[in-house]
Amino acid sequence: MESEVHNAMAMLPEFLAAGEDVWLYLISAKEAQVDLNTPNGVEELLALYERAEADYLSIPVLQRHLEFLITNHAKYFSEEIMKPPELGDLFATEWTRVAIGEVVNKGIGHLNQSHFLWDKQRDWELEMLHSAPEGIREELVVHIQQLHLDRLQQPHSNSEETFQSYSTFTTNFKPPEAYEMLLVAASKIRGQGQRAFERREKLEAALTQSANSLDVYGHYIAVERRAKYPDLFVISATYERAIAEAAKKRFNGDTGAEEALRLFWAGYCDALRILDANWELQLSTLKRATRSVPGSGEVWARHIRFLERLENSEIEIEEVGTVEDIYNQAFNTKLVQLDVDQITALVLARAGYEKRRIEESGDQQANNLAMLIGVLENGVELVYKASKIGDGKLRLEKYLADIYERMAGLPESATKLWQSAVKVNKSSYQVWTLYIETLMRHEMYEDVRALFEDIHKKNLDWPEVIWELWISFEHLHGDVNQIDVCLDKIEKAQMHTNSRRAKEAEKAAYQAMQIAMEAQATSIPATTESAVAPSTETQTVTSEPIDRGTKRPAEDDISQDTQKKAKTDSETKTVRLKRDRENSTIFVSDLPKGITEDELETLFNGCGNIREIKITSVSNILVATIEFYERDSVPAALTKDKKRLHGEEISVHLAWKSTLYVTNFPESSDDAYIRDLFGKYGTIFDVRWPSKKIKNTRRFCYVQYISPESAEAALELHGRELESNRILNAFISDPERKKTRTDADADEKELYVAGLSKFTTQADLEKLFKIYGTLKAVRLATGPDGHAKGYAFVEFEQGQDARAALAANNYEMKKRRIAVTMANSNVRLRQRHTLGNTGLGRTAEIRSRSLRIRNLPTGTQEGLLQQALEKVTTSIKRVEVIMDRQEAIIELSSVAEAGKLLLRVEPIVFGGNTLELSEEAEGVAPPITGGLFIPRRAGISRPKAGLGYTRNTTTSTAGGNKVPTFVQHENSQGRGQDDFRKMLSGN
């Protein structure tokens with residue numbers, strides 16, 4: 001396979017920028033292939049080095065290039081080997097000096113590794129000085145002195161060694177009386193570079209400790225870009241390092257590296273423009289960027305805008321290309337076409353260029369206008385090829401419609417454009433509004449009225465907008481009868497919409513109650529859009545006589561009985577109100593090393609009473625959360641932003657402002673996937689996952705960054721289609737606009753089918769419902785005899801298919817009229833523990849297929865634990881963590897699956913702890929099953945009421961739970977085995 005590997009390595013750089021592994025391989029192959037004693041051979045190798053160094057910053061490649069130059073110069077300089085005359089100036093001393101300087105300058109900005117290059121340059125220069133004739137020694141001394149001074153001014157990690165080198169050089173080659181003066185001047189020069197490095201030392205250490213994490217690079221770049229006086233030298237070098245690392249991770253197949261690489265390149269090009277770098281540097285960087293990420297329309301768009309600015313500046317640069325060339329080159333890659341956002345960015349850049357050319361020249365000739373319209377029409381077509389739903393923001397459609405109407409005078413084309421758009425986005429009020437406004441601008445009033453009558457009762461995402469438009473339209477253009485008809489129809493539509501919303505609100509309220517109950521029973525925040533659990537009403541809940549810690553037992557769900565009647569005082573407990581964490585907590589970042597809680601308490605003590613301070617290290621960056629007793633303390637605390645601790649500015653913000661509420665990601669997503677997807681925007685403080693005890697398909701999480709800027713940047717993921725027909729939702733987790741549902745679309749895909757004949761089979765249901773769309777699951781409830789119990793759940797892959805399947809309501813199946821409605825969480829909760837013919841009660845059956853997990857890490861999240869267990873077995877039904885014991889109960893689908901997991905040979909490691917698994921019932925008395933004798937387990941016997949004992953249901957455990965216990969009568973003795981024998985024998 002050696003030749004195939006070589007061909008693949010050689011082919012890669014022809015299409016894409018390559019990393020150092022590929023280039024070092026190709027350089028070695030080239031050295032073995034060419035004759036380095038000929039100009040052609042040397043020039044081929046030098047050209048290969050030039051290409052390698054143009055792709056990504058690589059210290060190993062630059063080091064190898066230096067070695068090649070220095071070795072060949074030494075070979076010919078010593079005159080041991082006669083230099084072939086055809087080499088000319090190649091490897092002559094002056095030629096080598098210039099070549100070495102160019103190589104070193106390419107990596108001089110790498111703060112931690114540039115000394116590997118500069119030290120070689122210095123050593124070579126000193127060697128040349130020692131062997132130089134007297135006539136040029138003074139000139140070389142000045143040159144090497146300036147080389148040291150320039151280096152001292154630059155921030156780098158071994159500044160002390162550089163200063164020592166300069167001291168030695170001065171001692172050897174400068175007059176003794178000038179030594180002190182020269183060292184003092186050099187020390188002042190060095191101070192600037194040394195301070196610049198010290199300001200970045202923490203970030204450099206974080207990079208080293210995180211193995212060059214792209215998150216840390218992102219934070220590093222953000223710090224440099226936010227600086228009051230940005231340093232182009234350091235910013236460029238940091239971007240180069242980040243880009244090289246992201247490219248390496250992409251080559252190794254790391255998820256998310258491609259997206260990070262695109263962001264780094266786009267940011268690099270922007271930084272060069274903002275900091276007014278020279279035109280040649282901007283152009284070369286753009287060319288490198290498009291070679292590295294040819295699928296990024298954002299980078300191609302920046303290239304087009306650069307060419308437009310260059311045209312306006314009248315600066316001449318060779319081989320710059322034209323806008324049309326760059327545009328065609330971008331689409332010729334066949335990669336931009338894969339993403340709606342990238343297509344849109346590129347097409348808007350080209351369209352803007354063409355439009356401004358027409359406006360500036362005052363020339364609207366048919367050819368120029370046709371070019372603009374053609375670009376936009378082709379862009380819209382490409383968008384719909386990339387995604388069936390197109391661009392939700394309608395960016396290209398709005399642009400094209402404006403060109404049709406304002407510049408081309410083609411209103412009918414604009415109308416046709418919106419006609420096509422509404423066919424794809426039937427429920428979007430925005431598309432309908434734009435369509436209607438276009439018709440009204442051209443006085444097509446009858447068409448507008450017909451359109452209103454057609455869509456006013458459609459299930460739009462915001463129908464009120466359409467209704468208001470219709471009313472305004474009729475008041476302006478209708479007669480009294482048309483106004484009345486309009487109002488009557490809107491009233492009916494509003495009643496229908498209100499009824500539908502009331503049902504949805506009722507369902508949401510029930511689900512919110514379930515969520516609040518769960519939040520009170522666990523330490524995990526309630527599943528609202530708030531980053532921290534909201535305050536909840538005091539509620540009364542029942543306790544079970546099962547020793548499982550302070551959490552509710554796995555089978556203790558809200559039943560209808562608990563809703564119909566209240567328990568007596570002896571059977572209830574009061575849950576304390578949740579504190580208002582989301583509005584009373586601030587987040588403090590950019591903390592200096594060695595900061596203590598006492599120092600933070602001193603800083604914020606005047607703002608209000610502090611409930612809790614926690615300092616955490618994330619990627620070697622210290623951050624803190626500070627919670628006050630009152631939310632009124634927060635405004636004063638926020639004024640501490642930019643205050644200095646240990647000489648460094650700190651950042652203070654509300655905790656929720658750096659937190660994202662994320663939902664509707666792929667069902668297969670786990671913690672690592674989310675961290676990789678969102679990690680490219682900044683350092684992640686925490687990712688919190690919900691428990692799945694109520695609904696196993698719940699799919700949302702909270703992503704908290706250490707800075708609000710990272711959260712804002714990550715909002716660009718909102719609306720992204722991560723998989724077919726699944727649009728990611730990401731919002732800032734503002735507690736003032738909480739959601740009661742996080743996976744609302746889950747119910748919209750599931751139907752509840754009732755009124756089934758007992759002879760109905762799963763195949764019958766599949767045959768009926770598959771005509772409406774792709775089925776995900778059909779669950780038919782059956783009794784002990786195997787016959788249907790009369791109801792089933794049918795789940796579709798797509799919500800629109802489930803809604804279409806409502807048409808099957810009242811369908812006759814096996815001489816019975818069936819009822820088909822959207823699934824209701826209430827029904828699922830009632831039926832979730834419906835059992836087959838197991839011979840056991842509900843509690844005992846669940847316990848028989850449940851396991852207990854011990855040795856959990858402190859602060860274990862149920863959601864993360866379930867993700868880890870699902871990688872071991874796919875039969876997990878429910879996970880419940882008992883925080884005060886660092887234990888958990890897991891419920892599996894069957895006793896057999898529980899046994900398989902219990903007998904697993906390989907250990908399960910979670911959070912660094914090896915989990916210990918045992919039967920859930922271990923150490924717990926079994927339930928009474930009606931037999932005469934109660935079997936003992938693990939040496940524990942359980943007294944039975946009636947044999948000298950009475951039940952006392954008001955005894956409390958240490959955790960505060962009221963647990964039924966048995967108390968001996970005052971006048972009775974405990975019964976033993978002899979008493980049982982007498983009772984059985986009748987004596």
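The values are calculated or read from the model by the stated rules, or taken from the named source; none is laboratory data. These numbers were taken from a predicted model, which means no experiment stands behind them. Cβ atoms come from the backbone with ideal geometry, glycine included; neighbour counts cover every protein chain shown. Side chains are part of the model used for accessible areas, which takes the heavy atoms of the whole protein and leaves out ligands, DNA and RNA. Shrake-Rupley method; radii C 1.70, N 1.55, O 1.52, S 1.80 Å.
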Notebook entry, point to check: Considering the stretch 88-101 alone, what residues qualify as being farther than 16 Å from residue 144 by Cα and out of contact with any helix residue (DSSP H, G or I) (no Cβ under 6 Å at 6 or more places or on another chain)?
Noted result: 88, 92, 95
Notebook entry, point to check: Quick check: anything in the stretch 645-668 within 30 Å of residue 198 (Cα to Cα), under 14 Å from the mean Cα position of the chain (by Cα) and not aliphatic (A, V, I, L, M)?
Noted result: yes
Margin query: Checking the structure you have, find out if any residue of the stretch 156-163 is outside the structural domain of residue 182 (by the TED database), surrounded by 19 or more Cβ atoms within 10 Å (Cβ to Cβ) and among the β-branched types (Val, Ile, Thr).
Written below: no
Next item on the list: Kindly indicate whether residue 302 is at pLDDT 95 or above and open to solvent by 40 Å² or more (accessible area, probe 1.4 Å).
Entry: yes
Notebook entry, point to check: Using beta carbons and a limit of 8 Å, which pairs, at least six apart or on different chains, have the first residue in the stretch 48-67 and in contact (Cβ under 8 Å) with a residue 12 or more places away in the chain and over 22 Å from residue 36 (Cα atoms) and the second one open to solvent by 10 Å² or more (accessible area, probe 1.4 Å) and of a type in the set (Ser, Thr, Tyr)?
Noted result: 54/284
Checklist line | Within the stretch 425-462, tally of residues that are crowded, with 19+ Cβ neighbours inside 10 Å and more than 22 Å from residue 397 (Cα to Cα) | finding: 2
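Please report, ordered by residue number, the helices (runs of 4 or more DSSP H) entirely within the stretch 364-479 with at least 2 residues that are farther than 30 Å from residue 324 by Cβ. Outline the logic, then answer.
On the way: elements: 366-386, 395-402, 411-424, 429-441, 445-455, 463-477.
Qualifying helices (runs of 4 or more DSSP H): 411-424, 429-441, 445-455, 463-477.
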Note to self: Between 350, 262, which is crowded, with 18+ Cβ neighbours inside 10 Å, farther than 30 Å from residue 675 by Cα and not small (Gly, Ala, Ser)?
What the structure shows: 350
Next item on the list: Considering each residue of the stretch 624-645, count those that are closer than 15 Å to residue 602 by Cα and among the aromatic types (Phe, Trp, Tyr), and give that number.
Entry: 1
Margin query: Yes or no: the stretch 315-337 includes at least one residue that is closer than 19 Å to residue 397 by Cα and open to solvent by 10 Å² or more (accessible area, probe 1.4 Å).
Written below: yes
Notebook entry, point to check: How about the stretch 578-604: which of its residues are closer than 20 Å to residue 655 by Cβ and either out of contact with any strand residue (DSSP E or B) (no Cβ under 8 Å at 6 or more places or on another chain) or modelled with pLDDT under 85 (or both)?
Noted result: 578, 579, 580, 581, 582, 583
Margin query: Of the conditions (1) open to solvent by 80 Å² or more (accessible area, probe 1.4 Å); (2) in a loop (DSSP other than H, G, I, E, B); (3) out of contact with any strand residue (DSSP E or B) (no Cβ under 6 Å at 6 or more places or on another chain); (4) without any contact (Cβ under 8 Å) to a residue 12 or more places away in the chain, residue 767 satisfies every one except a single condition; which number is it?
Written below: (2)
Margin query: Criterion first (touching a Cys at 6+ places or on another chain (Cβ under 8 Å), crowded, with 21+ Cβ neighbours inside 10 Å and part of a helix (DSSP H, G or I)) does residue 238 satisfy it?
Written below: no
Notebook entry, point to check: Given the structure, is residue 391 more than 21 Å from residue 307 (Cβ to Cβ) and surrounded by 22 or more Cβ atoms within 10 Å (Cβ to Cβ)?
Noted result: yes
Next item on the list: Would you check which residues across the stretch 129-155 are open to solvent by less than 10 Å² (accessible area, probe 1.4 Å), under 27 Å from residue 53 (Cα atoms) and of a type in the set (A, V, I, L, M) and list them?
Entry: 144, 152
Checklist line | Scope the stretch 396-419; condition open to solvent by 70 Å² or more (accessible area, probe 1.4 Å) and within 26 Å of residue 722 (Cα to Cα); matching residues | finding: 398
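Assess whether residue 658 counts as being at pLDDT 85 or above, crowded, with 20+ Cβ neighbours inside 10 Å and over 28 Å from residue 511 (Cβ atoms). Outline the logic, then answer.
Details: at pLDDT 85 or above: yes; crowded, with 20+ Cβ neighbours inside 10 Å: yes; over 28 Å from residue 511 (Cβ atoms): no.
Taking the combined requirement at face value, the residue does not satisfy it.
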Check: Considering only strands (runs of 3 or more DSSP E) fully contained in the stretch 664-762, which possess at least 2 residues that are open to solvent by 30 Å² or more (accessible area, probe 1.4 Å) and at pLDDT 85 or above?
Finding: 684-688, 729-732
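In the stretch 353-364, how many residues are out of contact with any Leu (no Cβ under 7 Å at 6 or more places or on another chain) and open to solvent by 20 Å² or more (accessible area, probe 1.4 Å)? Break it down into steps so the answer makes sense when it comes.
Within the stretch 353-364, the subset out of contact with any Leu (no Cβ under 7 Å at 6 or more places or on another chain) is 353, 356-357, 359-364.
Narrowing the set further to residues that are open to solvent by 20 Å² or more (accessible area, probe 1.4 Å) leaves 356-357, 359-364.
Residues in the stretch 353-364 being out of contact with any Leu (no Cβ under 7 Å at 6 or more places or on another chain) and open to solvent by 20 Å² or more (accessible area, probe 1.4 Å): 8 in total.
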Check: If you check residue 198 against the conditions, is it acidic (Asp, Glu) and open to solvent by 60 Å² or more (accessible area, probe 1.4 Å)?
Finding: yes
Item checked: Test for residue 270: is it touching a strand residue (DSSP E or B) at 6+ places or on another chain (Cβ under 9 Å) and either crowded, with 23+ Cβ neighbours inside 10 Å or closer than 19 Å to residue 709 by Cβ (or both) -> no
